[in-house]
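Here's the structure, in structure tokens; my notes come after.
The values are calculated or read from the model by the stated rules, or taken from the named source; none is laboratory data. Fair warning: this is a prediction, and the values are worked out from it, not measured in the lab. Reconstructed Cβ throughout: ideal geometry from the backbone, glycine too, with neighbour counts over all protein chains shown.
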Amino acid sequence: MKILITGSNGLTGQAILQETNSADSPTEIIACSKSPNRFVGKHKFELLDLRYPEKLNYLLDVYQPEAIINTAAISQIDECEKNKITCHQINYEAVLNLIQSCTERNIHLTHISTDFVFDGNQQVPYAEPLASESFQE
């Protein structure tokens, strides 16, 4: 099995890499992050900025993973408040691109989010604003 992990330099991504670094594991891991690799292990590494879906699609075509674990996000609240457009691009638009690319290629997608966004208290499904709705700084 091949699994592509986005946001592999973050806390969650690093934890997943640590757990999947066994020499006897049959799973091939492709770690991706927008900055150079921080984890030394048996996985492959690719630079990937999810704001550029053409690079994502290229990597999906090259590696043909069966699953993606998306841990990429801007999760610091202060950073999100200061850089709303970048936050929207990474935390919303990039996820839409991942969903579309995975759907087109029949790839299983697991998206991991912070409890600052999804706290688990709401009983009905959360709804994101439509992509056509205006986004203001």
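Mind listing whichever residues of region 31-52 are surrounded by 19 or more Cβ atoms within 10 Å (Cβ to Cβ) and either of a type in the set (A, V, I, L, M) or on the phi > 0 side of the Ramachandran plot (or both)?
Ala31, Leu48, Leu50
Kindly indicate the residue of region 21-53 that is under 15 Å from the mean Cα position of the chain (by Cα) and among the acidic types (Asp, Glu) and also farthest from Ile74 (Cα to Cα) among those meeting that condition.
Glu46
Regarding region 17-30, can at least one residue be identified that is surrounded by 14 or more Cβ atoms within 10 Å (Cβ to Cβ), under 23 Å from Gln89 (Cβ atoms) and out of contact with any Lys or Arg (no Cβ under 9 Å at 6 or more places or on another chain)? Can you show your working first?
Filtering region 17-30 for residues surrounded by 14 or more Cβ atoms within 10 Å (Cβ to Cβ) gives 17, 20-21, 28-30.
Now narrow it down to the ones that are under 23 Å from Gln89 (Cβ atoms): 30.
Retained after the next criterion (residues that are out of contact with any Lys or Arg (no Cβ under 9 Å at 6 or more places or on another chain)): none.
Checking region 17-30: not a single residue is surrounded by 14 or more Cβ atoms within 10 Å (Cβ to Cβ), under 23 Å from Gln89 (Cβ atoms) and out of contact with any Lys or Arg (no Cβ under 9 Å at 6 or more places or on another chain).
Determine whether Ile77 is of a type in the set (A, V, I, L, M) and over 17 Å from the mean Cα position of the chain (by Cα). Give the derivation first.
Numbers: of a type in the set (A, V, I, L, M): yes; over 17 Å from the mean Cα position of the chain (by Cα): yes.
Criteria met by Ile77.
Taking the stated definitions as given, is Glu81 of a type in the set (Asp, Glu) and either modelled with pLDDT of 90 or more or under 18 Å from Pro53 (Cβ atoms) (or both)? Give the steps one after another, and end with the answer.
Numbers: of a type in the set (Asp, Glu): yes; either modelled with pLDDT of 90 or more or under 18 Å from Pro53 (Cβ atoms) (or both): no.
No; evaluated as a whole, the condition is false for this residue.
The rows are residues; the columns are (1) part of a helix (DSSP H, G or I); (2) hydroxyl-bearing (Ser, Thr, Tyr); (3) crowded, with 18+ Cβ neighbours inside 10 Å; (4) without any contact (Cβ under 8 Å) to a residue 12 or more places away in the chain.
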| site | (1), (2), (3), (4) |
| --- | --- |
| Glu54 | yes, no, no, yes |
| Leu59 | yes, no, yes, no |
| Ile69 | no, no, yes, no |
| Ile90 | yes, no, yes, no |
| Leu96 | yes, no, no, no |
| Thr110 | no, yes, no, no |
